[in-house]
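The structure under discussion appears below in the form of structure tokens.
The values are calculated or read from the model by the stated rules, or taken from the named source; none is laboratory data. In this text, all values refer to a predicted model and were calculated from it rather than measured experimentally. No Cβ is skipped: glycine too gets one built from the backbone with ideal geometry, and neighbour counts run over all protein chains shown. Only protein heavy atoms, including side chains, enter the accessible area calculation; ligands, DNA and RNA are left aside. Shrake-Rupley method; radii C 1.70, N 1.55, O 1.52, S 1.80 Å.
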Amino acid sequence: MDALRRLRAAFDAAQFRESGHDLVDQLADYLDATLSGRMPTVLPACEPDDQLAATPMFGEEPGSMVKEVAEDLLRRGFHLHHPRTMGHQDGLPIPAAALAGFLTSLMNNDPSVYETGPAVVPIEVRVLRWMSDEIGLPQGAGGVITNGGSLGNLTALLAARQARAGFDLWSRGQSSGEDLCLLVSEQAHYCVSRAVRIMGWGDEGIVKVPVDANKRLEVAALPAALEEAKARGRRPIVVVGSACTTATGSYDPLDAIADFAEAHGLWFHVDAAHGGSVVLSPEYRDRAAGLERADSIVWDCHKMMMMPALLTAVLFRDGRSSYETFRQEATYLFEERPDEEWYNPGNRTVECTRPGSAVLLYMALRVHGVGVFRDYVTRCFDVARMLAAKVEAAEDFELHMQPDANIVCFRFRREGAAGDGLHEHARRVILESGRYYLTSVQLDGKNWLRCSLQNPFTDEPEIEGLLETIRTEIRAAEETGAR
Ligand SMILES: Cc1ncc(COP(=O)(O)O)c(C=O)c1O
């Protein structure tokens, strides 16, 4: 086959139509089998080496059909739509978003500049405006989409640094001014600490603020944190709130932190990667009271908004802040205009080329309306409360705290290292069986089982089944001495 014929065959529209129909049929069957819980396992019981060995290589010439590769992937993957999946914070993608992903992958319109993303850039703007309004940010708010919360937090903190450093750090470097730092709770996601290191502030650039028994930042400890910063010879310019934390889903007292930030001239950043979506729920939105006072906010749509990875909104109370962050020459891309170019988001992010991910959320919003998102968040938070209530009611389980969000940490009542060993043993056995998926976390020197209830179709039978399975595995391990 000559080169052009081979290329034409790869782009053949009729072939694409046929493969596409096959794939949609397969995905519809997959959705049905997972959502209904008919699929026997949520996770394949397979060691990494065996998975690698089972992953075929490819040759010079055409080999498999799309449906063969898809079937293999669907069979050997992790099933987020299964109601017995209760582990990480990855959300189950809503089908309309998956279809939009298919669409944007083929179009490949890059929203870094208007010329390459003429339809996608306005969609980003619409989506970001809607999110700002849901939080209650003022009309001047604006932002950008980034690939993930880690990059989103870095993007916001770079803007904060540019706004509050008081010297031209971008052009002249850190050594041209004072040493800086930020204040953040000791329970914040590690990407905040990583962003501090990336910005070149080092270990001393992060002052950890203690938390209370419910893992919420202790506001009364903030003045001492300021003193500590000064004792280190650092000037604090940012205070970070978590809404909510990763381990326990705790919402920091944002209003009180905003008061403190205002009183001390600090930039107030909120990592709402997981819990920002709470503003969509009329029942639970008070958890994030004060979020609307933040200078910058990171909100992941791939956690609690039924979007696939990655889709993060970085929102600024004053949308102009982010134009200032990355001042550099790239005249072949950006129009030379002194004013703000809302239509060229590449001016405002670390990234250059980006996927048109905002289309996925926009598609779901246009097709289903906002209401389904409100229902989703409320339902996931309700399911978490259901699990917490059952843990509390069971004499042999202990609840870490009443959940603020949709994350629940609990233990089987066994003391000391033996208890921790039993927990990990039970979790491993359950994961190997593929029946349920849950995680674990160290809190207050103890091992806790942790569920992030992301699936609105998880219900009483799955929750009772999980607790009963843990109970059975721990008792069996105690009897046989296995762990
Ligand atoms: C509170 C919080 N912030 C940030 C992140 C990082 O987000 P991403 O995984 O999208 O980079 C996470 C991820 O779990 C998180 O829970």
Which of (1) modelled with pLDDT of 95 or more; (2) farther than 25 Å from Gln89 by Cα; (3) of a type in the set (A, V, I, L, M) is the odd one out, the single condition Leu154 does not satisfy? (2)
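Away from the ligand (no atom under 12 Å from the Cβ) and within 14 Å of Ala141 (Cβ to Cβ), is that true of Arg293? Full working, then the answer.
Numbers: away from the ligand (no atom under 12 Å from the Cβ): yes; within 14 Å of Ala141 (Cβ to Cβ): yes.
The answer is yes for Arg293.
Let's see how each residue does on (1) in a loop (DSSP other than H, G, I, E, B); (2) within 16 Å of the ligand (Cβ to nearest atom); (3) among the aliphatic types (A, V, I, L, M):
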{"position": "Leu31", "(1), (2), (3)": "no, no, yes"}
{"position": "Thr34", "(1), (2), (3)": "no, no, no"}
{"position": "Met39", "(1), (2), (3)": "yes, no, yes"}
{"position": "Ser64", "(1), (2), (3)": "yes, no, no"}
{"position": "Glu68", "(1), (2), (3)": "no, no, no"}
{"position": "Leu80", "(1), (2), (3)": "yes, yes, yes"}
{"position": "Ala98", "(1), (2), (3)": "no, no, yes"}
{"position": "Asp110", "(1), (2), (3)": "yes, no, no"}
So which pairs qualify, if the first residue must be in the stretch 182-198 and under 17 Å from Ala247 (Cα atoms), the second must be open to solvent by 50 Å² or more (accessible area, probe 1.4 Å), the Cβ gap must be under 6 Å, and the two must be at least 6 apart or on different chains? Glu186/Lys208; Cys191/Ser150
From (1) of a type outside the set (Phe, Trp, Tyr); (2) part of a loop (DSSP other than H, G, I, E, B); (3) over 20 Å from Ala309 (Cα atoms), pick out the condition that doesn't hold for Asp22. (2)
Are any of the residues in the stretch 465-482 within 27 Å of Met307 (Cβ to Cβ), modelled with pLDDT of 90 or more and crowded, with 22+ Cβ neighbours inside 10 Å? yes
Restricted to the stretch 242-266, and to residues that are outside any helix (DSSP H, G or I) and more than 10 Å from the ligand (Cβ to nearest atom), which residue is farthest from Ser150 (Cα to Cα)? Gly265
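From the list Leu92, Leu106, Leu74, Leu35, which one is of a type in the set (A, V, I, L, M), touching a helix residue (DSSP H, G or I) at 6+ places or on another chain (Cβ under 8 Å) and either at pLDDT 95 or above or open to solvent by less than 60 Å² (accessible area, probe 1.4 Å) (or both)?
On the way: Leu92 fails: touching a helix residue (DSSP H, G or I) at 6+ places or on another chain (Cβ under 8 Å); Leu106 fails: touching a helix residue (DSSP H, G or I) at 6+ places or on another chain (Cβ under 8 Å); Leu35 fails: touching a helix residue (DSSP H, G or I) at 6+ places or on another chain (Cβ under 8 Å).
After applying the criteria, what remains is Leu74.
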Residues of the stretch 376-397 being of a type in the set (D, E, K, R) and at pLDDT 95 or above, which ones? Arg379, Asp382, Arg385, Lys390, Glu392
Elements of type helices (runs of 4 or more DSSP H) contained in the stretch 367-483, each with 1 or more residues being at positive phi: 416-433
If you scan the stretch 362-392, which residues turn out to be touching a residue at least 24 places away in the same chain (Cβ under 8 Å), closer than 18 Å to Ala97 by Cβ and charged (D, E, K, R)? Arg374, Asp375, Arg379
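Please count how many residues of the stretch 267-289 are closer than 17 Å to Glu218 by Cα, away from the ligand (no atom under 11 Å from the Cβ) and in contact (Cβ under 8 Å) with a residue 40 or more places away in the chain.
Our first condition is that a residue be closer than 17 Å to Glu218 by Cα; within the stretch 267-289, this holds for 268-271, 287-289.
After this cut, where a residue has to be away from the ligand (no atom under 11 Å from the Cβ) as well, the list is 268-269, 287-289.
From what is left, the residues that are in contact (Cβ under 8 Å) with a residue 40 or more places away in the chain are 269, 287-288.
Adding up the residues that qualify gives 3.
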